[in-house]
1. Looking at (1) in contact (Cβ under 8 Å) with a residue 12 or more places away in the chain; (2) within 23 Å of G251 (Cβ to Cβ), which is the one condition that is false for R38?
2. Among the listed residues E238, E171, which satisfies the condition of being of a type in the set (D, E, K, R) and without any contact (Cβ under 8 Å) to a residue 12 or more places away in the chain?
3. State which residue pairs qualify: first residue within 20 Å of D59 (Cα to Cα) and inside region 9-27, second residue of a type in the set (D, E, K, R) in any location, beta carbons under 6 Å apart, and separation of 6 or more residues or different chains.
4. When you scan region 97-138, how many residues do you find that are part of a helix (DSSP H, G or I) and either of a type in the set (D, E) or touching a Leu at 6+ places or on another chain (Cβ under 9 Å) (or both)?
5. Name the single residue, out of those in region 82-108 being β-branched (V, I, T) and in contact (Cβ under 8 Å) with a residue 40 or more places away in the chain, that is nearest to P123 (Cα to Cα).
6. Answer with yes or no whether G12 is touching a strand residue (DSSP E or B) at 6+ places or on another chain (Cβ under 6 Å) and closer than 27 Å to V231 by Cβ.
7. Need pairs with beta-carbon distance below 8 Å; first residue closer than 24 Å to F213 by Cβ and within region 250-276, second of a type in the set (K, R) and part of a strand (DSSP E or B); sequence gap 6+ or separate chains.
8. Just name the residue that is modelled with the highest pLDDT out of those in region 65-83 that are surrounded by 22 or more Cβ atoms within 10 Å (Cβ to Cβ) and β-branched (V, I, T).
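The values are calculated or read from the model by the stated rules, or taken from the named source; none is laboratory data. Since the model is a prediction, treat every value here as computed from it, not as a measurement. A quick note on method: Cβ atoms are made from the backbone with ideal geometry, for glycine too, and the neighbour counts reach across all protein chains shown.
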Amino acid sequence: MKIPFTKMHGLGNDFMIVDCTERDLQFKPELIKKLSDRNFGVGFDQLLLVEKASTTEVDFHYRIFNTDGTEVEHCGNGARCFATFVRDKGLSRKNLINVSTINRNLKLTLHGDGEISVDMGHPEFNPSKIPFLCDSRLDTHERFIKISGKKTAITFSVLSMGNPHAVVCVEDLENIAVKDIGKALGSHPDFTEGVNVGFMEILSKNTIQLRVFERGTGETLACGSGACAAVVVGRLLEKLNSKVIVNLPGGQLTVCWDLSSSVIMKGPTQTVYEGIIEI
């Protein structure tokens, strides 16, 4: 079977996007792993599926799969690419697009400057809903992990932006062991469904640098939900203002949060190429 697809990225966080509005396509984990391979497949951080809406409250349903084949709840960079995709393909002419995901609805706004805003919803701090095993909700937590065979204490904050995040504040982002810490903390048994691990260096009240080790994928050039999680943590620790520029390896996002309403993320998208693959 031949399947058309579009390769897109948001700040280097790249996606294979497939229109499933006219036919039901099922991607098994083995196939997703094969397609995601950067040498023998299309190569991507996530596979995104555009499906028909199941209710009148939304325009589309949005599904996200990591490179290991697991379906996940959220991807902010992917949501921006989703909005560009449905507009470019003529699936919607709206400037405000409502989509459903596994666990929440998102509002995607296409702006005149070519950038897309995503209403990411409210952050969730209830440990059982992140999910994260702990005795009580705290601003910061500490867990011991093994790095190069040595037991190391890591302090972090935890929340969900529709998907689980642990945010670690660091002073030297360039030299932090993102892969080792991200992999070890991300697989800690207290995160019963895994966790995305973000490493945030605060440069000023309005600017941060961020690297994210994503569960099921590894470190990516950008993570939209991770950027939102980092800004939420910085706001709660009273180290950031309500509007923050987030510098990621792939570029910049703007994240706004006033402590009470939804978190809003804004950034660019880029279509790389169109293709057809036989599966």
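1. Here R38 clears every test but (1).
2. Exactly one residue qualifies, and that residue is E238.
3. Every condition considered, the pairs that remain are C20/E51; T21/K52.
4. Going through region 97-138 one residue at a time, the tally reaches 1.
5. Once the filter is applied, the top-ranked residue is T101.
6. On the way: touching a strand residue (DSSP E or B) at 6+ places or on another chain (Cβ under 6 Å): no; closer than 27 Å to V231 by Cβ: yes.
Considered against the rule, which asks whether it is touching a strand residue (DSSP E or B) at 6+ places or on another chain (Cβ under 6 Å) and closer than 27 Å to V231 by Cβ, G12 comes out as no.
7. The qualifying pairs are L253/K266; T254/K243; T254/K266; V255/K243; V255/K266; V272/K7.
8. Out of the qualifying residues, it is T67.
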